[in-house]
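Enquirer: The structure is given below, and queries will be raised subsequently.
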């Protein structure tokens, strides 16, 4: 059975969690097919891929129509408590006594409050300005975030710094966090970074769909991340549909798995095995057939 890998860590993690269950409990081999989001989405529509463990529904233009027209089946909400927006390390607001870090921005609660602290988040390359890390230039999020930066008047006191890649963004955040230095910028959950480090999402105006959001004047919405399959699975493997219909996690649980993977230099499959051992109660909720559950548990003891 083929599973989509549109290119980010969390979907790879979930692929191997579900894949291990399929392999050991249902005697179904799985294969992960990598590609961009448009390519993998087209792949599942054409039955070249059968399972999409993380369909970020609001980001897929044809999602609703594909489901409504029966081209695909939505089985479950994997998680819908994810977040994105402008973050700071928690020690900026609360300090960190253990690390000897004082709270440099104790009154920082909202995006608007950043106006109080440009000198704290100083841009090393532009004297007299703070630095706000933006999103990746090619992301739709970046366009909205830049409008927010202008609409809130942050452009008068901060430079808007676009990292060249996801890796560059993470490197800047992790370097600042490990050193206890100031950092403010765009980020999202779940990732291994959000699972490992204590970050604070700055408050914003409540999300409001339409012109207000498009102009950057509200918070970013959470996305409903679903599990979607090709309809052929319902006929060929109803037992798999039954299991995936009960597969539910959360942003925090996903970040936990990703943090383990990073801290232990583990593969996605190794992290999946660790996760299933740690969350046997969850496994039992997903797999209700006693014989299949026992087979999976036995396989986990051998790993």
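Each reported figure results from applying straightforward, stated rules to the coordinates on display, with no laboratory input. Predicted, not measured: the structure shown is a model, and the values here were computed from it. Methodologically, a virtual Cβ is constructed for each residue, glycine included, from the backbone with ideal geometry; neighbour enumeration extends over all protein chains shown.
Enquirer: Give the distance, in whole Å, between the Cα centre of the stretch 229-303 and the Cα centre of the stretch 33-98.
Expert: A separation of 18 Å, based on Cα centres.
Enquirer: Ok, one more. In the stretch 84-214, what % of DSSP beta bridges are antiparallel (nearest 5)?
Expert: The answer is about 60 percent antiparallel.
Enquirer: Follow-up question, since we're still on this one. Can you give the helix-only mean residue ellipticity at 222 nm for the chain, where every DSSP H stretch with n ≥ 4 adds -39500 (n - 2.57) and the sum goes over all residues, rounded to the nearest 500 deg cm²/dmol?
Expert: Taken over the chain, the calculation gives -12000 deg cm²/dmol.
Enquirer: Given an 8 Å cut-off on Cα distances and at least 6 residues of separation, report the relative contact order of the chain as a percent.
Expert: 27 percent
Enquirer: Right, another one. Rounding to the nearest 10 and keeping the result within 0 to 90°, find how far the Cα-based axis of helix 9-25 lies from the longest principal axis of the chain.
Expert: Computed tilt is about 20 degrees.
Enquirer: Hey, another quick one. Can you figure out the FRET efficiency of residue 198 with residue 39, using R₀ = 25 Å and their beta-carbon distance, to the nearest 0.05?
Expert: Efficiency for this residue pair is about 0.10.
Enquirer: What distance in nm lies between label points placed 7 Å from Cα along the C-beta direction at residue 28 and residue 69?
Expert: 2.5 nm
Enquirer: Any chance you could give the angle, 0 to 90 degrees and rounded to 10, that helix 140-151 forms with the longest Cα principal axis of the chain?
Expert: So the helix axis and the longest Cα principal axis differ by about 20 degrees.
Enquirer: Round to the nearest 10 and give me the degree value, 0 to 90, for the angle of helix 268-278's Cα axis relative to the longest principal axis of the chain.
Expert: That helix lies at roughly 80 degrees to the long axis.
Enquirer: Hey, fewest Cβ within 10 Å first, where do 261, 53, 217, 169 land in order?
Expert: With the fewest neighbours first, 261, 53, 217, 169 line up as 217, 169, 261, 53.
Enquirer: Specify whether the C-alpha gyration tensor of the stretch 84-214 places it in the rounded, prolate or oblate class, a ≥ b ≥ c being the square roots of the eigenvalues: rounded for a/c under 1.5, otherwise prolate if a/b is larger than b/c and oblate if not.
Expert: It comes out rounded by the Cα gyration axes.
Enquirer: Pop the C-beta distance of residue 80 and residue 109 into the FRET formula with R0 = 22 Å and round what comes out to the nearest 0.05.
Expert: Numbers: r = 24 Å, r/R0 = 1.11.
According to the calculation, E is roughly 0.35.
Enquirer: Tally the DSSP beta bridges in the chain and give the antiparallel ones as a percent, rounded to 5.
Expert: Numbers: 18 of 29 bridges.
Bridges in the chain that DSSP calls antiparallel: roughly 60 percent.
Enquirer: OK, next. Using the basic label-point model (7 angstrom from Cα toward the beta carbon), what is the residue 298 to residue 96 distance in nanometres?
Expert: 4.6 nm
Enquirer: According to a simple spin-label model (label point 7 Å from Cα along Cα-to-Cβ), what is the distance in nm between residue 212 and residue 165?
Expert: 3.9 nm
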